[in-house]
Structures are given as structure tokens and as C-alpha cells.
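The values are calculated or read from the model by the stated rules, or taken from the named source; none is laboratory data. Predicted model only: the values in this text are computed from it and were never measured. Because the Cβ atoms are built from the backbone with ideal geometry, glycine has one as well, and the counts that use them run over all protein chains shown. Side chains are part of the model used for accessible areas, which takes the heavy atoms of the whole protein and leaves out ligands, DNA and RNA. Shrake-Rupley method; radii C 1.70, N 1.55, O 1.52, S 1.80 Å.
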Amino acid sequence: MGENDTYDVLGSETRFTGNVIKVRVDDVRMSDGQVAKREIVAHPGAVAIVALDDAGKLVLVNQYRPAVRARLDELPAGLLDVAGESALVAAQRELAEETGLVAEEWHVLVDLYSSPGMTDEAVRIFLARGLATGDGQHEPEHEEITMSVQREPLSECVRRVLSGGITNASAVAGILAAVHGRATGWRDLRPADAPWPARPGR
């Protein structure tokens, strides 16, 4: 197996179209020539924000997630579902809507595929610093109505990740990346507008 291996898509059929996702079945030629069906969830992508205050505390939101029937502590985050909106602008909007905060300094912290075995969902996680209270107004709806916001020391967030207390994938990745970043003087940060070839729809 190498870089020249190709898995040609010979056919594709959309089985479901929802408000956010589509589900399709692709016929894919495998490396041995056989054709296999693969169920794919097409997703618009998302952003999440590691918002660190001057005291080294991380901003977390807690909300109910119907898919797992539980409340989860997560990073502020949201879908890339506004046409023409950049990932950075989406992240700034989500931070303001979910926490009422704005940030002076933005960088790309880490990019990830949430579950590449079955979806093309890509998530860009930003680091936001220089936090301040914003002046915008957002009317919460649905799960947002009972969403709560809290701040915890980054070290405590790491402990909760490793003990299974924080399980949201973007939160786990963002928290651990932030620990590495802080320990190395943030040397590996990328500009907030860094290229993102994995973003769905590009």
C-alpha cells in the first residue's frame, strides 16, 4: 500500500437528505479490484474554539446532546452552514453567540476529521486569547436554551479528559493540543486564515 493507491468511486446514490447532513452509498473499487459499498455521511464541517483567558482558564459550554442522550462539557463550536462564511468568521460568531465573548488574538490550533471511516466532517479548532465581553445579542434556541458556560483551569480540563469526564472529540483534541502549545511557547500555531484543504466543499 502506498501513495499511488487509488480507490475510484464508480457510482454514488444519495439515500437521505436532511437539514444538515446527507447520507450516500458509494461504490468504491478496492486495491484488489473488488467493488465494495461504503455508507458516507456528507457534512458541512464545523469549527470549535479553545478560548483561554489571561488566568489560563478554558471556556467550556455544557449542553444536552440527543444523539448520546447526555449533557456534555464541550468547546464553543458550530457548523459551517452559512454560505460564503470563512472558518474564522464562523468561529468568532459561535464564540459570541454561545458565550457572549470576543477575542483579540486568533490562531489555528489543530484540524481533525471527526470520524473518517464514515463521514467527511472536518473540524478546525481555533485558539482564541485576549477575551472580553462582547456587546452582541443572540436569542438561544433548542438545546441552547439550557446551555451553561463555565471556566476551568486548563490543567483540570486535562485531568478530566484523561479520566473520561470530557469525551467530546473536538474538546479532547483541543484541550490536549492547548497543553502542548502552552508548554512549547505556542511555537506551532498557524495563522487564523491558514489553508484548510480538508474543509468539506472545497
- Nearest-20 debye value, the stretch 115-171 charge dipole, Cβ charges on Lys, Arg, Asp, Glu: 460
- Message: Spelling out what I want: for every residue of the stretch 120-125, take phi, set θ = phi - 60°, compute 6.51 cos²θ - 1.76 cosθ + 1.60 (Karplus), and round to whole Hz; glycine and proline get x.
- Response: 8, 4, 10, 10, 9, 10
- Task: Work out the length of the dipole vector of the chain about its Cα centre, built from +1 on the beta-carbon of each Lys and Arg and -1 on the beta-carbon of each Asp and Glu, and round it to the nearest 20 debye.
- Result: 460
- Message: Restricting to DSSP loop positions (anything but H, G, I, E, B) with no more than 12 other Cβ atoms inside 10 Å of their own Cβ, which trypsin sites (Lys or Arg not before Pro) remain in the stretch 1-107?
- Response: 69
- Query: Once amide H atoms are placed 1.01 Å from N in the peptide plane, what residues at a sequence separation of 5 or more from residue 110, or on another chain, have their amide H within under 5 Å of its amide H?
  - Reply: 125
- Task: Could you point to the residue in 96, 168, 46 farthest towards the positive end of the chain's charge dipole, with +1 and -1 charges on the Cβ of Lys/Arg and Asp/Glu respectively?
- Result: 168
- Non-local residues with an amide H under 5 Å from the amide H of residue 167, with H modelled 1.01 Å from N and Pro and chain starts lacking one, are 73
- Message: Tell me the relative contact order for the stretch 8-143 as a rounded percent, counting alpha carbon contacts under 8 Å between residues six or more apart.
- Response: 23
- Task: Run the dipole for the stretch 1-69 about the Cα centre, Lys and Arg Cβ at +1, Asp and Glu Cβ at -1, nothing else charged, and hand back the magnitude in debye, nearest 20.
- Result: 500
- Task: Evaluate the Kirkwood expression for the hydrodynamic radius of the stretch 1-102, namely the inverse of the mean inverse distance over all pairs of different C-alpha atoms, and round to one decimal in Å.
- Result: 17.0
- Query: Roughly what % of DSSP beta bridges within the chain run antiparallel, to the nearest 5?
  - Reply: 85
- Query: Looking at 126, 86, 179, which one has the Cα that reaches farthest to the positive end of the dipole of the chain (charges on Cβ: Lys, Arg +1; Asp, Glu -1)?
  - Reply: 179
- Task: Roll a 1.4 angstrom probe over the protein heavy atoms and tell me the percent of accessible area of the stretch 47-202 that is carbon or sulfur.
- Result: 52
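What are the equivalent ellipsoid semi-axes of the chain, built from the alpha-carbon gyration tensor (square roots of five times its eigenvalues), in whole angstrom, biggest first?
Equivalent ellipsoid semi-axes, largest first: 32, 20, 17 Å.
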- Å² per residue, accessible surface of the chain at 1.4 Å: 57
- Message: Can you give me the angle between helix 87-99 and the longest principal axis of the chain, using Cα atoms only, in degrees from 0 to 90, rounded to the nearest 10?
- Response: 50
